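For reference, the structure is listed below as structure tokens.
The values are calculated or read from the model by the stated rules, or taken from the named source; none is laboratory data. As the structure is a computational prediction, the values presented were derived from the model and not from experiment. Methodologically, a virtual Cβ is constructed for each residue, glycine included, from the backbone with ideal geometry; neighbour enumeration extends over all protein chains shown. To get the accessible areas, we keep the full protein, side chains included, count just its heavy atoms, and leave off ligands, DNA and RNA. Shrake-Rupley method; radii C 1.70, N 1.55, O 1.52, S 1.80 Å.
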Amino acid sequence: ALTNAQQRILSCPQNLAIWVELKKEAAMPDFRSATELMRRFWENRRRLLKEQAGISADQMDAFLAPLLDYMEGKGEISAPATLVPKDPTVRDAFVSFGILQQGGGRISFCHQRYLDHLIAERLLQKIYQGTGSVIEWLGPRENQSLFRREQLRQALAMLSEESPADLFNTARELLESTA
């Protein structure tokens, strides 16, 4: 029942693993792109964290914010474990639902694409609210790294799916930028 495009997306082991997890919950996860599949994953995880672990959206956001701030700001894929709130309930729920892992005094996402998606999602919110742009987020050329590449790709893919006008403006900004 999968389209050729969906089969191609699921040829990536990480996408297939996400699809299998989603399929446990629903008959057929709805997706047209890898970005949309990741969006469905996060929708699923947020719902499960709320329904099964009693973690509210505000608690999730409060827990993730310092992690995302640190990892995005430092360009690192892990953060000191002491950075997260002291209440282990939320952390333990994120670990048990296969989102985060902890060890050696550090905490990280089980897969870097989870982090990349959340950073891209935050960037889009700033774009939609008019409080940020891709150019500002990328910063000067000398500060740009490969760490940002997948996050930028996901942000552009989300823009193409959600807001073609914003994608056009962002692409024009990128092409005209001298930074």
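Does the range 55-68 contain any residue that is under 23 Å from GLU150 (Cα atoms), open to solvent by 80 Å² or more (accessible area, probe 1.4 Å) and in contact (Cβ under 8 Å) with a residue 24 or more places away in the chain? Checked the range 55-68: no residue is under 23 Å from GLU150 (Cα atoms), open to solvent by 80 Å² or more (accessible area, probe 1.4 Å) and in contact (Cβ under 8 Å) with a residue 24 or more places away in the chain.
Filter the range 15-40 down to the residues that are under 14 Å from the mean Cα position of the chain (by Cα) and touching a residue at least 24 places away in the same chain (Cβ under 8 Å), then identify the one that is surrounded by the most Cβ atoms within 10 Å (Cβ to Cβ). That would be MET38. Residues of the range 125-135 that are open to solvent by 50 Å² or more (accessible area, probe 1.4 Å) and either within 19 Å of the chain's Cα centre (by Cα) or closer than 18 Å to GLN112 by Cα (or both): GLN125, LYS126, TYR128, GLN129.
Can you find a residue that is of a type in the set (Gly, Ala, Ser), outside any helix (DSSP H, G or I) and more than 19 Å from the chain's Cα centre (by Cα) anywhere in the range 106-117? Quick ask: steps written out before the conclusion?
From the range 106-117, those of a type in the set (Gly, Ala, Ser) are 108; that's our starting set.
Among the residues that remain, those that are also outside any helix (DSSP H, G or I) are: 108.
Filter once more, so that each one left must be more than 19 Å from the chain's Cα centre (by Cα): none.
No: the range 106-117 contains no residue that is of a type in the set (Gly, Ala, Ser), outside any helix (DSSP H, G or I) and more than 19 Å from the chain's Cα centre (by Cα).
Of the helices (runs of 4 or more DSSP H) contained entirely in the range 133-179, those carrying at least 2 residues that are among the acidic types (Asp, Glu) fall at 147-162, 164-176.
Summed over the range 154-177, residues that are among the basic types (Lys, Arg) and modelled with pLDDT under 90 total 0.
Say we look at the range 157-179 and pick out the residues that are open to solvent by 50 Å² or more (accessible area, probe 1.4 Å) and touching a residue at least 12 places away in the same chain (Cβ under 8 Å); which of these is farthest from ARG32 (Cα to Cα)?
At the first step, the residues of the range 157-179 found to be open to solvent by 50 Å² or more (accessible area, probe 1.4 Å) are 160-162, 164-165, 168-169, 172-176, 178-179.
If we keep only those that are touching a residue at least 12 places away in the same chain (Cβ under 8 Å) as well, we get 161-162, 173-174, 179.
Details: GLU161: 10, GLU162: 13, GLU173: 27, LEU174: 26, ALA179: 33 Å.
Looking at residues that are open to solvent by 50 Å² or more (accessible area, probe 1.4 Å) and touching a residue at least 12 places away in the same chain (Cβ under 8 Å), I get ALA179.
So, ILE107, is that one of a type in the set (A, V, I, L, M, F, W, C), within 19 Å of GLY73 (Cβ to Cβ), in contact with a Pro (Cβ under 8 Å, 6 or more places away or on another chain) and open to solvent by less than 50 Å² (accessible area, probe 1.4 Å) or not? Spelling it out, ILE107 is indeed of a type in the set (A, V, I, L, M, F, W, C), within 19 Å of GLY73 (Cβ to Cβ), in contact with a Pro (Cβ under 8 Å, 6 or more places away or on another chain) and open to solvent by less than 50 Å² (accessible area, probe 1.4 Å).
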